[in-house]
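Worksheet for the structure shown next.
Derivation of every value follows stated rules applied to the coordinates shown; laboratory data play no part. What you are looking at is a predicted structure, and each value in this text was computed from that prediction instead of being measured. No Cβ is skipped: glycine too gets one built from the backbone with ideal geometry, and neighbour counts run over all protein chains shown.
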Amino acid sequence: MGLEYLTRKELESKKDSVTKALDQTSYFVRAGVVSRVLGEIVGTDKRILELGAGHGVLARQLLGLGYKKIDAVDIDDYLDADLSDKVTLTKSDISTDKLQYVDSSVDVVLAIAIFEHLENPFFAIREIARVLKPCGKLFVALPNAFSIRSRLLFLMRGEIFGYTRTNNHVALFSRAIFDKLFLKHFKIVETLYDPGYIKIFGKKIQLPRACFTCGQFFGNKVLYILERN
């Protein structure tokens, strides 16, 4: 998302800028990856909670697939107007505020391109684990910090691809921190990558979507499907 780092109060005071930045959705949403995988493993009668729903692009896809129990949590109301009576929205900061759900009441939580923006991801994951039912699913999309591009950038400049001084990515997860954060409460069911690209003489060449290895090493984003212990 093309947005500078902003505090909670700044986000609330710059709603127009945030709303415009939310026009850029995650690859996994644009390409229909999340809705496809969710449709393969979770019935349409299940309760879905999307964190950081933005304009509701993903919620709209799920409604089109027949899901009717869709809740959303975001720091402000950015949902398209026509979704207001179809998606139940709660305004909340998941870095600091408890989710307004009783224990073990949600079947699926979707956090697509959310955790890298959180100032307190450990609080957020504890709340997610609390409200998810046993064996409930959590979809988490993150920047692929382990791509060849990121490794080379860190070697040369001490930076990670996707984390800049001018964007709002503030939480970075090494493998050890990822395990401490997520695998305390969850197990990995599946890992997916965007296909990525390589540059030859300054020209971007997209790699084939079916190439799992290509995405792992050249993809910019990674999607984890996790299951509650």
Response to the item:
Other residues with Cβ under 12 Å from the Cβ of Phe146 give, with Lys and Arg +1 and Asp and Glu -1, a net charge of +4
Worksheet item: Across segment 1-97, how large is the tail of the calculated P(r) beyond 18 Å, expressed as a percent of all Cα pairs?
Response: 48
Worksheet, complete the sentence: Taking 0.36 nm per residue of separation between Asp179 and Arg151 and subtracting their Cα-Cα distance, the length gained on full extension comes to 8.1 nm
Response to the item:
Total charge of the residues flanking Cys135 in space, meaning their Cβ is under 13 Å from its Cβ, with Lys and Arg +1 and Asp and Glu -1, is +3
Worksheet entry | Above-threshold pairs, the threshold being 18 Å between Cα atoms, out of Lys86/Lys137; Lys15/Lys91; Lys46/Lys69; Lys133/Lys187; Lys137/Lys184 | Lys86/Lys137
Item to complete: Extending each Cα 7 Å along its Cβ direction at Thr164 and Ala31, get the distance between those two points in nm, one decimal.
Response: 2.2
Practice prompt. Under a 10 Å cutoff between Cα atoms, tell me which one of Tyr27, Tyr197, Tyr67 has the largest fluctuation in the Gaussian network model of the chain.
Written response: Tyr197
Item to complete: Enter the mean projected area of the convex hull around the alpha-carbon atoms of segment 91-203, in nm², rounded to one decimal.
Response: 8.7
Item to complete: Please report, in debye to the nearest 20, how large the charge dipole of the chain is about its Cα centre when each Lys and Arg carries +1 at its beta carbon and each Asp and Glu carries -1 there.
Response: 820
Item to complete: Express as a percent, rounded to the nearest 5, the fraction of DSSP beta bridges in the chain (both residues included) that run antiparallel.
Response: 50
Worksheet entry | Within a Gaussian network of the chain (alpha carbon springs, distance under 10 Å), most fluctuating of Gly219, Gly136, Gly64 | Gly64
Worksheet item: If you take the beta carbon distance between Asp23 and Ser105 as r and set R0 to 45 Å, what does 1/(1 + (r/R0)^6) give as a FRET efficiency, to the nearest 0.05?
Response: 0.90
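Relative to the Cα centre, what is the charge dipole magnitude of segment 107-159, using +1 at the beta carbon of each Lys and Arg, -1 at the beta carbon of each Asp and Glu, and rounding to the nearest 20 debye?
180
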Response to the item:
When the charge dipole of the chain is computed with +1 at the Cβ of Lys and Arg and -1 at the Cβ of Asp and Glu, the Cα pointing farthest to the positive end, of Cys214, Gly32, Leu65, is that of Cys214
Fill in: Net charge, Val34 excluded, C-beta distance under 13 Å - Lys, Arg +1, Asp, Glu -1
+1
